[in-house]
1. Ignoring everything except DSSP H segments at least 4 long, calculate the 222 nm mean residue ellipticity for the chain; use -39,500 (n - 2.57) per segment, divide by total residues, nearest 500.
2. Relative contact order (percent) for the chain, with alpha-carbon contacts under 8 angstrom and 6 or more residues of separation?
3. Using the Cβ atoms and a cut-off under 10 Å, what net charge is assigned to the surroundings of Cys13, where Lys and Arg are +1 and Asp and Glu are -1?
4. With both bridge residues required to lie in the chain, what share of the DSSP beta bridges run antiparallel, to the nearest 5%?
5. Hey, what did the range 174-254 get for relative contact order, percent, Cα under 8 Å, at least 6 apart?
6. If Lys and Arg each add +1 and Asp and Glu each add -1, what is the summed charge of the other residues whose beta carbon sits under 14 Å from the beta carbon of Trp186?
7. How high is the relative contact order of the range 1-103, in percent, with contacts defined as C-alpha pairs under 8 Å that are six or more residues apart?
8. Would you please calculate the Kirkwood hydrodynamic radius of the range 2-267 over all C-alpha pairs and express it in Å, rounded to one decimal?
Amino acid sequence: MKLQIELTTKCQCKCTFCIRHIEPLPTAGKIIEDALFTKILNDAKEFNITLIYLTGLGETFLDPGLERKVKQVRSELGDKLHLGIYTNGMLATKDKVEALYKAGMNEIYFSLNAATPEMWTQIMGVKDGNQYKKVVQNINDALSIHGLTVHVTSVTSAQWIDPHEVEGLMSKYSPNVLHMVRGGNWAGKIYPLDYKPLGGCRWIDDHYIYVNIEGEVCLCCFDPYGQHSFGNVKKESLENIYWGEKRQEFINKIKQEGRKDVKPCKHCSTI
Ligand code: SF4
Ligand code: SF4
């Protein structure tokens, strides 16, 4: 079982591909409550969670309690758990990343969606292009930390792909570090799907569970507001929600019939 926990809904960026700027984010500007975070970890411990990603619809490094939470994850779930963090890299300086690594983080994903400051400011919606150099420096510093797994992800899509940018990124990072990621359509909210998707969904097959900042166990990360929530961790255990009727009905329908007629999955670009 794999768990994704949203720690904050604060963010300094306005990425063109991000849903928070298409639909108003009702929970914007929040940090997860400590009591809720502790409850999620207690449930995760009971439920054989083997991997946790700390990420959601916000910049994880804007949570001032991040290092403490990483220590808490490690002490509650032990050494076997795999712990990853996603960041836009703006605040992920070497000292902070080193501290997180020592606290128990195994891997870090930097979202770097351009090879030049000019394109980066456009795509990430940040006015100061000098920030780009800092992010690149932070990535290089993280890559120098022995034992830490570092990824650089770059979102591409037919709408904003630029071959020169892709070449620029490929010249900076080795293939085992750089991941070009196809931009998703947030289950039809950003751009429509012009075909009926066949088959199931990687998210479901990989047993991912997404808990948002309010404790909602969402359908997936394309349902960040919990519009298709299966339950709330504040009221029930993660395990009960996962095996509960609401989720199982949904999963069975997708498994038996595929998702071509199931909302919102029938609109989703995920394959
Ligand atoms: S950094 Fe992440 S949360 Fe922030 S706007 Fe970009 S995609 Fe959205
Ligand atoms: S197909 Fe459904 S469950 Fe899978 S990512 Fe898309 S919206 Fe989420």
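1. Rounded to the nearest 500, the figure is -9500 deg cm²/dmol.
2. Dividing the mean separation by the residue count of the chain yields 21 percent.
3. Local charge sum for Cys13: +1.
4. The antiparallel fraction comes to roughly 15 percent.
5. Relative contact order for the range 174-254 comes out at 18 percent.
6. Cβ neighbours under 14 Å give a net charge of +3.
7. For the range 1-103, the relative contact order is 35 percent.
8. 19.3
Throughout, read-outs are computed from the coordinates displayed, never taken from laboratory work. Since the structure is predicted, the reported quantities are computational estimates derived from the model, not experimental observations. A quick note on method: Cβ atoms are made from the backbone with ideal geometry, for glycine too, and the neighbour counts reach across all protein chains shown.
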